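Bear in mind these aren't lab numbers, they're just calculated from the coordinates by the rules spelled out. Just so it is clear, the model here is predicted, and its values are computed rather than measured. Every residue, glycine among them, receives a Cβ derived from its backbone with ideal geometry; neighbour counts consider all protein chains shown.
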There are 2 protein chains.
Amino acid sequence: MLEPQNWSAADAATRRAMLQRPESTDTAGAAAREIVDAIYAGGEAAVRDYADRLDGYAPADFRVDAAAIAAARAGLDEADAEAILAAADAVRRFHVRQGYGSYSVETWPGVTASRRATPVDVVALYVPAGSAPLVSTLIMLAIPAQLAGVPRIVIVAPPAGPQGVDPVLLAAASLLGLDEVYAIGGAQAVAALATGSAGLPRADKIFGPGNAWVAAAKAYVASLPGGPAVDLPAGPSEVMVIADANADAAFVASDLLSQAEHDPSAQVMLVCFDAATRERIAAEVETQLMGLPRADIARQAMRHSRTILCESLDQAADIANAYAPEHLILQLGEAEALVRRVRHAGSIFVGAWAPEAAGDYAAGPNHTLPTGGAARAHGGVTVEAFQKTTTILRASKAGAAAMAPTVERLAALEGLAGHATAMRLRREWAQAWPDDVSGPRLRTSARRRKTKETDITVFVDLDRDGPSAISTGIGYFDHMLDQIARHAGIAVNIDASGDLEIDAHHTIEDVCLTLGEALHEALGDKRGIARFGFELPMDETRAGVWIDLSGRPFAKFEGEIPGERVGEFPVEMVPHAFRSLAESMKAAIHVRVEGENAHHMVEGSFKAFGRALRQAVRIESERLPSTKEFLE
Amino acid sequence: MLEPQNWSAADAATRRAMLQRPESTDTAGAAAREIVDAIYAGGEAAVRDYADRLDGYAPADFRVDAAAIAAARAGLDEADAEAILAAADAVRRFHVRQGYGSYSVETWPGVTASRRATPVDVVALYVPAGSAPLVSTLIMLAIPAQLAGVPRIVIVAPPAGPQGVDPVLLAAASLLGLDEVYAIGGAQAVAALATGSAGLPRADKIFGPGNAWVAAAKAYVASLPGGPAVDLPAGPSEVMVIADANADAAFVASDLLSQAEHDPSAQVMLVCFDAATRERIAAEVETQLMGLPRADIARQAMRHSRTILCESLDQAADIANAYAPEHLILQLGEAEALVRRVRHAGSIFVGAWAPEAAGDYAAGPNHTLPTGGAARAHGGVTVEAFQKTTTILRASKAGAAAMAPTVERLAALEGLAGHATAMRLRREWAQAWPDDVSGPRLRTSARRRKTKETDITVFVDLDRDGPSAISTGIGYFDHMLDQIARHAGIAVNIDASGDLEIDAHHTIEDVCLTLGEALHEALGDKRGIARFGFELPMDETRAGVWIDLSGRPFAKFEGEIPGERVGEFPVEMVPHAFRSLAESMKAAIHVRVEGENAHHMVEGSFKAFGRALRQAVRIESERLPSTKEFLE
């Protein structure tokens, strides 16, 4: 047990052999496929036949009735209930940060591409019957499913006892708010879920470990046309512990054994830097084995354990990366350096105080992890695993026209003329059709305001970060408007001609009114925008702007700007400009500015307005601002 | 062609039949598995044998040499190059927002659980040879792989022409910065990648569509022990178009045909609300077919197309959800209402101006999408598909002790005594060991300050959102400190006893000094924190606080609070409190408050401080604040 092999001295083939996982024999695979095929062909009768033959349990209804669940809950020791809830809470605290991001991007001018994450409709959680009800497996699968918002979560578990399923497991389900439990296991449970037979729902995705039959059946149904998705390729559990001379031998031994006691086929790998450490640990293993109820199982697993002696952190990292362990425990001084260098591992336990046992039950991260080297391409079960994404494309006529040359060219290159036609028709017709033909909502607006004093056109696009083109005939005002666009992260085109021979008043006022109207129009139904914005950049000048896009116009300006003009821009027009904007945007705008230098104070006000606007118009969700934010 | 069936009149079985996908025959499956098995057994010789037999191409080196790629790039039409780059840019703009989130959470006091996303090491992109080089497939796979940071991206493509691979595809690879291309296709390519034979690297994950043999080989190698991961279950492409009476018939017809021209087995579904719309569209399909080079293929596909007449938006949504189409095109007035109701679809194209052709090539979203109803549980290819997650657990001694009762209880419940031992050893020894044994960094601090005037203990935890326990003997001050904790979203325990018989001054001052020290200590090296915080809640009172945690203490208080006391709290102590905090936190703190009611003004100041602190201490990345944010 724990006989060491030397990494440095070994050639590549020997190194591969050191890290080889135990051979798995595929007798279960063929048997499982046979069961699945029989159930695909024979439906309910075949399910009952196998359930009866293999488990001796084929009741009229595989579903555990509500009374049995309630009774199991009532019979649960309260300390056990507390432990289950405490573990579930920690798992929830960790997983709540997960989930696919939903977002929208303007990929071409006028083309908005979105991604939306939604839960899978029906998921089945397979909870195996080990030596005892695997409550922790239920917690690890149910919590992320619930966080993903899965509307129907069903539990399947091999039959045990008169209630159909072990009462502790039923009680745990009840504590987690789940009430749909079926007493059926093995490949027949998987096939029943894949086909929706024998009273079980057709599952869109099947989660959970199980014995070799279950694993084989899951992989097989997933490979069939229209078959359900499955979580992870499952195999025997495994741990790699990397320990240095300072590692506590009792801790390391307990970690090795808590892996070994799982299953005779569990794999235990120890990596040390010196023989003395190995010996200390091996002695501790022997000692602890004496007190272990499942010592027989652990001894079998320890028999094909491996110990590797290496010489450096780099070698230790190479070994871990080559093995890609499900669990990696780091009990060495330079643990954090290894955390950075290990690229492939399901879960890493850093230092003396984070045993794998904690992760198996209650630390927070999921314990359903990739085995057999699958950590090279897979992580453990996540909230994302209970979700799927849908992409959504929306384009305006202009957007279609913008994409068309690229699409048509590539379609021609691939010889798909029908694709080119579909795009070309849009392009030609976009060019030909009048502008008032409706398209999908875009957060743009084009406004013109023409009076005997001014003639102003304004275009805004709230979802494009420039470039802007601004020309009002008043240089400093152009600069201010550009500050707004730039700091708001939007695109603004303004072309104004006004009676500047009289003064700047009409032009500034009308530009602000038109810009406000355009912003108001572009905001549309305000779906997804933040309702309030504010900002305060620092300088010798301090300027703050607060915006409420609620629809009620109100302007408040606090501050005394010294002097009369900045460039050709009359400072008295600053409050006026914001009043005009507030009025036409139908927004409440508060501005406060203090400072000494008029140039700074004016510029600070407009810049702050831009920054506040950036926040106010940002799409934060697919929802209206008054409702709770949640992914659609 | 497009003969309608009526949804409303149909029973459940008929409805299922309407939505049935064409039967797939699994002749390819057995053949592909045979090839894979032979290559697993025979290695390079078997690869060469199949490559020669099936494609007549088995060179000394399957890899396309650099000169051939350079020549292909040089020979590419510049307009084609521009289109390829423009499409790649749009795809990049969309996908850049994707990727698993990396984060850390304190799941128990003293236990930090993290998730880290890293790229898969070696991915293979299978680019099929259709009627022409499928440049778009390469773009759709290469861009997310690059965004995920995959270090080794290899392309495999069926042999074509003297360069080994079609020069347009080689040129596209070159444009995308990829230079590792192998001229080998079919199941033999998949098996070579799965085993790392015949000069191909062993791929951790294989992406890309292909014919039935490739799809079957991918599914099979993924099911083998230690086999590579694969992207999606692939099947014939399909589209569902939902069109109302206002839909443009030419647009709809072009969308149906651009699906049908892909493949005789492509499935085309049309859902209409009235027969006249169907007739207009059917006539347009006939017209457009006349001009289509691939009309033969399209006619075959249209032969098993289906048209369903339904009566309402609800029915249309039911049909789409039951079918779970790869592509869903919505050409109806209420398109947005349907977007919200459709739960299962790979990609949705909204309105007249967003044809599927655009999505196939250049709109931005991925065109590798779930077929055959897999959209019930899968999304298309994402950046996440090129990543994997690793969870990392770090605990202090106190953290181990905190988790232990729950872990030990659950381990006992599951009969795994070794697990309980691993946890118990930590708990017992954590209780026994001295405090100066190092543990992982936690953003907590415990400080005591004892003078002849006061005795104060403060504990803060920046990563736990309460509960707090505060007792200073000054009721209103407790309330203010609680406001800070609550609004900062942190946990603060304060126990102070001071010379209140004299007055509150010493106690307030010393509590603030100690709290500031604790915050300073808990912030540690400020890894990942935002450097500036500010906040301004509104009320009759307006209070603002700006914090710079830069290490240079400075306090500025602007505001006149009327009266002398709020409860037992002397208002003159408000500026003093912030000065003490600034000093001991080594932070610049600016406070400005205006209003009328002293209670509001004091409370507003502390509340704003809490809010500002919340932003300032929030971990935004794993990096120091001065470096660019990036996932570890």
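If the only charges are +1 at each Lys and Arg Cβ and -1 at each Asp and Glu Cβ, what is the size of the charge dipole of the protein assembly as shown around the Cα centre, to the nearest 20 debye? Mind dumping the intermediate values first?
Details: 118 positive and 164 negative charges, 260 e Å.
It works out to roughly 1240 debye.
With r as the distance between the Cβ atoms of B:A275 and A:R202 and R0 = 41 Å, compute the FRET efficiency 1/(1 + (r/R0)^6) and round to 0.05.
So the FRET efficiency works out to roughly 0.80.
Since chains B and A are linked by a rotation, which residue in B has the beta carbon closest to its axis, and how far is it in Å?
Its Cβ sits closest to the axis: B:S223, 3.
Taking B:E564 in one copy and the same position in all the others, each labelled 7 Å out along Cα→Cβ, what are the pairwise distances from the first, in nm, shortest first?
Label point to label point, same position, other copies: 5.2 nm.
Which whole-percent values make up P(r) of the range A:235-364 when all C-alpha to C-alpha distances are grouped in 10 Å steps starting at zero?
Result, from short to long distances: 14, 49, 33, 4 percent.
Taking N as the number of residues in the range A:75-121, what is its Cα Rg relative to 2.2 N^0.38 Å?
Values: Rg = 19.8 Å, N = 47, 2.2 N^0.38 = 9.5 Å.
Rounded to two decimals, the normalised Rg is 2.08.
Can you count the Lys pairs in chain B whose Cα atoms are under 19 Å apart, with each pair 8 or more apart or on different chains? Each step should come with its number before you reach the end.
Details: B:K205/B:K218; B:K205/B:K388; B:K526/B:K586; B:K526/B:K628; B:K556/B:K586; B:K556/B:K607.
So the count of such lysine pairs works out to 6.
Using Cα atoms only, what is the angle between the long axis of helix B:135-148 and the major principal axis of chain B, expressed in degrees (0 to 90) to the nearest 10?
20 degrees
Counting pairs of alpha carbon atoms under 8 Å apart in space and at least six apart in sequence, what relative contact order in percent does chain A give?
Values: 1339 pairs, mean separation 79.4, N = 632.
In percent, rounded to a whole number, it is 13.
On a 0 to 90 degree scale, rounded to 10, what angle separates helix B:417-432 from the longest Cα axis of chain B?
30 degrees
Pairing the Cα long axis of helix B:313-323 with the longest principal axis of chain B, what angle in degrees results, from 0 to 90 and rounded to the nearest 10?
So the inclination is approximately 70 degrees.
Efficiency by 1/(1 + (r/R0)^6): what FRET value for A:R303 and A:N246, r their Cβ-Cβ distance, R0 = 45 Å, to the nearest 0.05? Please list the in-between numbers first.
Details: r = 28 Å, r/R0 = 0.63.
Efficiency computed from Cβ-Cβ geometry: 0.95.
Using alpha carbons only, how many angstrom separate the centre of the range A:91-145 from the centre of the range B:1-76?
31 Å
Grab the beta carbon distance between B:E82 and A:S471, set R0 = 30 Å, and tell me the FRET efficiency rounded to 0.05.
On the way: r = 31 Å, r/R0 = 1.04.
That gives a FRET efficiency of 0.45.
Along Cα→Cβ at 7 Å, what distances in nm separate the B:D77 label point from those on the other copies, shortest first?
The answer, with the shortest distance listed first, is 7.7 nm.
Starting at the first residue of the range B:482-493, write each ³J(HN,Hα) from the Karplus equation 6.51 cos²θ - 1.76 cosθ + 1.60 with θ = phi - 60°, in whole Hz, x for Gly and Pro.
Working through the residues one at a time gives 5, 4, 4, 4, 5, 6, 7, x, 10, 9, 9, 10 Hz.
If a/c stays under 1.5 just call it rounded; otherwise compare a/b with b/c (prolate if a/b is bigger, oblate if not). Do that for the protein assembly as shown, with a ≥ b ≥ c from the square roots of the Cα gyration tensor eigenvalues.
In terms of gyration-tensor shape, oblate.
How far is B:L500 from itself in the other copies, in nm, if each label sits 7 Å out from Cα along the Cα-Cβ line, shortest first?
Shortest to longest, the spacings are 6.9 nm.
Taking 7 Å along the Cα-to-C-beta vector as the label spot, tell me the A:E334-A:E560 distance in nanometres, rounded to one decimal.
6.7 nm
For a footprinting-style exposure proxy, rank A:H95, A:H344 by other Cβ within 10 Å, fewest first. Intermediate results must be reported in sequence, preceding the final value.
Details: A:H95 27, A:H344 24.
Arranged by neighbour count, lowest to highest, A:H95, A:H344 become A:H344, A:H95.
Can you list residues whose amide H is under 5 Å from A:G99's amide H, if they're 5+ apart or on another chain and H is modeled 1.01 Å from N?
Correct list: A:V383, A:E384.
Obtain the nm distance between the two label points defined at B:A412 and B:Y57 by a simple spin-label model: each point lies 7 Å from its Cα along the Cα-to-C-beta direction.
Simple spin-label model gives 6.7 nm for this pair.
So what is the relative contact order of the range B:169-323, in percent, for Cα pairs below 8 Å that sit 6 or more residues apart?
Taking the mean separation of contacting Cα pairs over the length of the range B:169-323, I get 17 percent.
Calculate how many DSSP beta bridges within the protein assembly as shown are antiparallel, expressed in % of all such bridges and rounded to the nearest 5. Intermediate values should be presented prior to the final figure.
Working: 90 of 184 bridges.
Rounded to the nearest five, the antiparallel share is 50 percent.
What are the residues whose amide H is under 5 Å from the amide H of A:W353, where those residues sit 5 or more places off or on another chain and H is modelled from the backbone?
B:A395
Over all directions, what mean area does the Cα convex hull of chain B project, stated in square nanometres? It would help to have the intermediate numbers written out before the result.
Numbers: hull surface 156.2 nm².
Result: a mean projected hull area of 39.1 nm².
Using the Cα centre of the protein assembly as shown as origin and beta-carbon charges of +1 (Lys, Arg) and -1 (Asp, Glu), tell me which of B:Q315, A:A30, B:V566 is placed farthest towards the positive end of the dipole.
Farthest towards the positive pole: A:A30.
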